Amino acid sequence: MSFTTPPRPVDVTALFPQLAPLARTATRLHPRPGAPTVHDSSVGGPLLWPADEPWPHCEGPHDKRAAPVVHAPDDIRLLRRDRAVATERLRRDPQAPEWTPEELETENRLRAGRPWFDGPIPLLPVAQLYARDVPFLCPPDADLLQVLWCPFDHPVDGAIHPRTALFWRRSATVTDVLGAPPEPPIIQLGDYLPEPCLLSPEQVTEFPNPLELDEELSDQLEDMSRWETVDPALYSSYADDPQELYLNNLCHAPGWKTGGWTNWMVTDPVDRPCPECGTEEAPLLTIASWEWDSGSVTWIPEEERTTPAPRRLGAHDSNFTLIDIAGGNNLQLHACPADPSHPHIELIQ
């Protein structure tokens, strides 16, 4: 299925012509639950991984104190299946029980978790992107990006989140595919196990975060008189702060995406020099906790305004991958434009 982002509620370049040369293209990925294969671009799907290449592991350290209850991936999958069944049962009959005795027994049994494991942890597949499907920063000798992570929190530059690993490949060279990659015996959180999703890439236009604008343009955004032509029905919600209208609905597409502008939400902008060559790194992939929220409903695809996707019990309305990063934030991966194979940078925003 394809998805279409509605036109922006305001032509921001008509209001602020100086923004026009700052436009960048981002590709919204629109992940939705499916059954991807190794030949698909996906989130949480199987990877086109060479059979003769060792699967990557994380040597740690993994903090047992931060994860007093851990689960095996299959535990999480079983709970998700039960919740999917319960959601469908309630959709068909709103008077049906929210949980059956069998489902409650399974949840109670798994609540105790699994024994701790002290060895190296196999990484989990997070995303696989083929250049034929999704535009992204890519080395000239590659057409495939594979993103994996350790499903435990790690301190990275003052933030705590799963540590990612990137692998670049030329897909045509992988002729013998690893059939059964190892899985972690335990994971810290079910939020770090992506639900397998297929992608529906769509290109949109983005503009810089207000914090990245020069003083003159930032002052223009705060000038109330420049917003007088905006539909009052939209403007009234942001009458005290038109920059919020710009931030939530005009400059950044929420959700999983490649490219575009960095969405500074948790910290002020910081320099992102490549650790190897010093070139300023650019947005590569945004791993998101949701595709929209109450402040960004103008980004809901047209197709889901009339036929919303069913929401699983306990899940955010637009969290299709079932990933949650640091309480609803994004993990933004940045790559070096001079050579994307250089070490990447991770930002929680």
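Could you give the dipole magnitude of the chain about its Cα centre, charging the beta-carbon of Lys and Arg +1 and that of Asp and Glu -1, in debye to the nearest 20?
Using Cβ point charges on Lys, Arg, Asp and Glu, the chain gives about 1300 debye.
Out of Arg132, Arg109, Arg65, any idea which swings most in a Gaussian network model of the chain, alpha carbons joined below 10 Å?
Among Arg132, Arg109, Arg65, the largest mean-square fluctuation in the Gaussian network model of the chain belongs to Arg65.
Would you work out which of Ala142, Thr106, Phe152 lies farthest towards the positive end of the dipole of the chain, given +1 charges on the beta-carbon of Lys and Arg and -1 on that of Asp and Glu, about the Cα centre?
Ranked along the dipole, the leading option is Thr106.
Within 10 Å, at most 10 other Cβ atoms, and a DSSP state outside H, G, I, E, B define an exposed site. Report the longest part of the chain free of exposed GluC sites (Glu not before Pro).
60-227
Angle between the Cα long axis of helix 73-92 and the longest principal axis of the chain, 0 to 90 degrees, nearest 10?
70 degrees
Using r as the Cβ-Cβ distance of Glu280 and Arg8, and R0 as 30 Å, what FRET efficiency do you calculate, to the nearest 0.05?
0.65
Sum up the charges of everything whose Cβ sits under 14 Å from the Cβ of Ile287, counting Lys and Arg as +1 and Asp and Glu as -1, but leave Ile287 out.
Summing Lys and Arg as +1 and Asp and Glu as -1 gives -2.
Taking the mean number of other Cβ atoms within 10 Å as a proxy for protection, how do you rank 324-335, 6-17 from highest to lowest?
Ranking the peptides 324-335, 6-17 by packing returns 324-335, 6-17.
Please state the relative contact order of the chain as a whole percent: Cα pairs under 8 Å, 6+ residues apart?
26 percent
Find the accessible area per residue for the chain; the probe is 1.4 Å, ligands and nucleic acids are left out, and the unit is Å².
Per residue, the chain has an accessible area of 47 Å².
With θ taken as phi - 60° and the coefficients 6.51, -1.76 and 1.60, list the Karplus ³J(HN,Hα) couplings across the range 3-16 in order, rounded to whole Hz; mark glycine and proline as x.
10, 10, 6, x, x, 4, x, 9, 7, 5, 6, 6, 6, 9
In whole percent, how big is the carbon plus sulfur part of the accessible area of the chain, probe 1.4 Å, protein atoms only?
With neighbouring chains kept in place, the figure for the chain is 52 percent.
Would you mind giving the three semi-axes, in whole Å and largest first, of the ellipsoid equivalent to the range 165-280 according to its Cα gyration tensor?
Its equivalent ellipsoid spans semi-axes of 40, 20, 15 Å.
Under a Cβ-Cβ cut-off of 13 Å, what is the net charge of the residues other than Gly60 that fall near it, where Lys and Arg count +1 and Asp and Glu count -1?
-2
Calculate how steeply helix 101-111 sits against the longest principal axis of the alpha-carbon atoms of the chain, using the helix alpha-carbon long axis, and give the answer as 0 to 90 degrees to the nearest 10.
The helix 101-111 is inclined about 90 degrees to the chain.
Rounded to the nearest 0.05, what FRET efficiency is calculated for Ala131 and Glu216 with R0 set to 25 Å and r the Cβ-Cβ distance?
That gives a FRET efficiency of 0.10.
Would you mind telling me which residue in Gln95, Gln18, Gln203 has the biggest mean-square fluctuation in a Gaussian network model of the chain, where springs connect alpha carbons within a distance under 10 angstrom?
Answer for the Gaussian network model of the chain: Gln95.
For a label point 7 Å from the Cα of Glu53 along Cα→C-beta, name the residues of the range 256-292 whose backbone N is under 13 Å from it.
none
Going out from 0 in 20 Å bins, what whole percent of all Cα-Cα distances in the chain drops into each bin?
So the P(r) values, bin by bin, are 27, 56, 16, 0.
Tell me the label-point distance for the pair Trp99, Val156, using the 7 Å Cα-to-Cβ offset, in nm and rounded to one decimal.
The two pseudo-label positions are separated by 3.3 nm.
Which cross-chain or sequence-distant (5 or more) residues have an amide H under 5 Å from the amide H of Phe320, H modelled 1.01 Å from N in plane?
Amide H to amide H, under 5 Å and 5 or more residues apart or across chains, Phe320 pairs with Glu291.
What are the ³J(HN,Hα) values, in whole Hz, obtained from phi via the Karplus relation 6.51 cos²θ - 1.76 cosθ + 1.60 with θ = phi - 60°, for each residue of the range 268-274 in sequence order, with x given for Gly and Pro?
With coefficients 6.51, -1.76 and 1.60, one gets 6, x, 10, 5, 10, x, 4 Hz.
Considering the chain as a Gaussian network with a 10 Å cut-off on Cα pairs, which listed residue, Asp75, Asp157, Asp143, attains the greatest mean-square fluctuation?
The residue with the greatest mean-square fluctuation here is Asp157.
The values are calculated or read from the model by the stated rules, or taken from the named source; none is laboratory data. Just so you know, these numbers come straight off a predicted model, no measurement behind them. Glycine also receives a Cβ, built like all others from the backbone with ideal geometry; neighbour counts cover every protein chain displayed. Ligands, DNA and RNA are stripped out before the accessible areas are found, and what is left, the full protein with its side chains, is counted by its heavy atoms. Shrake-Rupley method; radii C 1.70, N 1.55, O 1.52, S 1.80 Å.
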